[in-house]
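A short write-up of the structure that comes next.
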Amino acid sequence: MQQRRLGRSGIVVSDICMGTMTFGLQCDESLSHQICDTAFDAGIDFFDAAEVYPVPPSAERFGKTEEIVGRWLKTKPRESVIVATKVTGPGHGWFTPPVRHGKTALDRIQIVRACEDSLRRLDTDYIDLYQTHWPDHGMPYEEVLGVLTELRDEGKVRVIGASNETCWGMMKASWSADLYDLDRYETVQNNFSLINRRCESELAQVCRREQISLLPYSPLGGGVLTGKYQQGPPPGARFTGYLTGDGERQKRMAMRFVNDRTLETTRRLTEIADSIGTTVTALAVAWSRQHDFVASTIIGATSVEQLGESLEARELILSQETLDCIDQIDAEIPTPMTEDGLRRL
């Protein structure tokens, strides 16, 4: 497993990160620990959680993922694992989370309380990477960064980052950090995959010029790039439930991921993967890892076998010819996901 630095910080992580949002719902604790053990044994030392996990969020399950990760963390030397988690974003915008009665905000009281609660659930005295799950663009960045800087000064977090953030937001945050002598976001965790390549344009320039690391989530396009939706929504899959459920927001999200353009892109990518003797899953993860502004690609799993498919990308380096073939698909079917959700922030 290759190692890469998080931004300009002193933290170096495996270039594949184990995402945990399925822990506590799709995966019970025993299976979650098996997945973590398999990932760790394969060389993954970076694990990403959030206080609002598992997904879809609910008031009953809120915080359960962190508790499961915390109990697993006790089986390993603490310094051998890099743990990331997130404070829930504001509840007055695109989504009202079932956290703190839907009154979440990125102010001092809420951030400090969320951090302390995450430390308790993870049963650790520090968090390696603490991230805002989504931003509040109506709030001064110096206020948010000020609280996060204090948490770092107190030794509760080592490095801070953002998630689901725009290019403007990352630059505004970096400018505020410089102006007010505060800690800056060293990472940004956004949706990035072969069906959502928007990060390669403006955000890539922000990351390169400001030395900020991208942590792509959903490199398999929510499972679409595994090919499992090619014959229709499979039973038990996340977007199958979203498409057939009552939640209008979840239904819209599923249709962003599962549509004629994403399915055709997946079909063509599968042909490329077959031609080089690999799976489209490994192809997608390897493609993500080969970007110079990416530090670690976040993968998820609902079984040990599924994790193994992603781990096949560990030593896969895509040739320029293969990359050119992938780019040709993108030229013919640009932005298969019609939008990535950031426009509503």
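Coordinate-derived values only; no laboratory data. Everything numeric in this text was worked out from a predicted model, so none of it was measured. Because the Cβ atoms are built from the backbone with ideal geometry, glycine has one as well, and the counts that use them run over all protein chains shown.
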Legend entry - Computed helical MRE - 222 nm, the chain, DSSP H runs ≥ 4 contributing -39500 (n - 2.57), nearest 500: -12500 deg cm²/dmol
Inset, instruction - Order the peptides 82-91, 329-338, 290-299, 309-318 from the highest to the lowest mean number of other Cβ atoms within 10 Å of their residues. - result: 82-91, 290-299, 309-318, 329-338
Legend entry - Estimated vicinal HN-Hα couplings, Hz - the stretch 298-313 in sequence order (Karplus 6.51, -1.76, 1.60; Gly, Pro = x): 8, 10, x, 7, 10, 7, 5, 5, 5, 4, x, 5, 5, 5, 4, 7
Inset, instruction - Give a residue-ordered list of calculated ³J(HN,Hα) values for the stretch 278-288 (Karplus: 6.51 cos²θ - 1.76 cosθ + 1.60, θ = phi - 60°; whole Hz; x for Gly, Pro). - result: 9, 9, 5, 4, 5, 4, 5, 5, 4, 4, 4
Legend entry - Nearest-20 debye value, the stretch 3-344 charge dipole, Cβ charges on Lys, Arg, Asp, Glu: 640
Legend entry - Nonlocal amide H pairs with E165, under 5 Å, H built at 1.01 Å: Q189
Inset, instruction - Report, in whole Å, the centroid distance computed from the Cα atoms of the stretch 180-218 and the stretch 122-154. - result: 17
Inset, instruction - Give me the number: length gained by fully extending T75 to D327, i.e. 0.36 nm times residue separation minus the C-alpha to C-alpha distance, one decimal in nm. - result: 86.4 nm
Inset, instruction - Could you tell me which of rounded, prolate or oblate describes the stretch 123-240, using a ≥ b ≥ c as the square roots of the eigenvalues of the alpha-carbon gyration tensor, with rounded for a/c under 1.5 and, failing that, prolate when a/b is larger than b/c and oblate otherwise? - result: prolate
Legend entry - Cβ-defined net charge surrounding V52, 15 Å radius [Lys, Arg +1; Asp, Glu -1]: +2
Inset, instruction - Step through the table entries K86/K228; K156/K228; K76/K172, compare each Cα-Cα distance with 32 Å, and write down the pairs that go over it. - result: K156/K228; K76/K172
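Assign one of three labels to the chain, namely rounded, prolate or oblate, based on the Cα gyration tensor with a ≥ b ≥ c the square roots of its eigenvalues; rounded applies when a/c is under 1.5, prolate when it is not and a/b is larger than b/c, and oblate otherwise.
Rounded is the answer for the chain, as its axis ratio a/c remains below 1.5.
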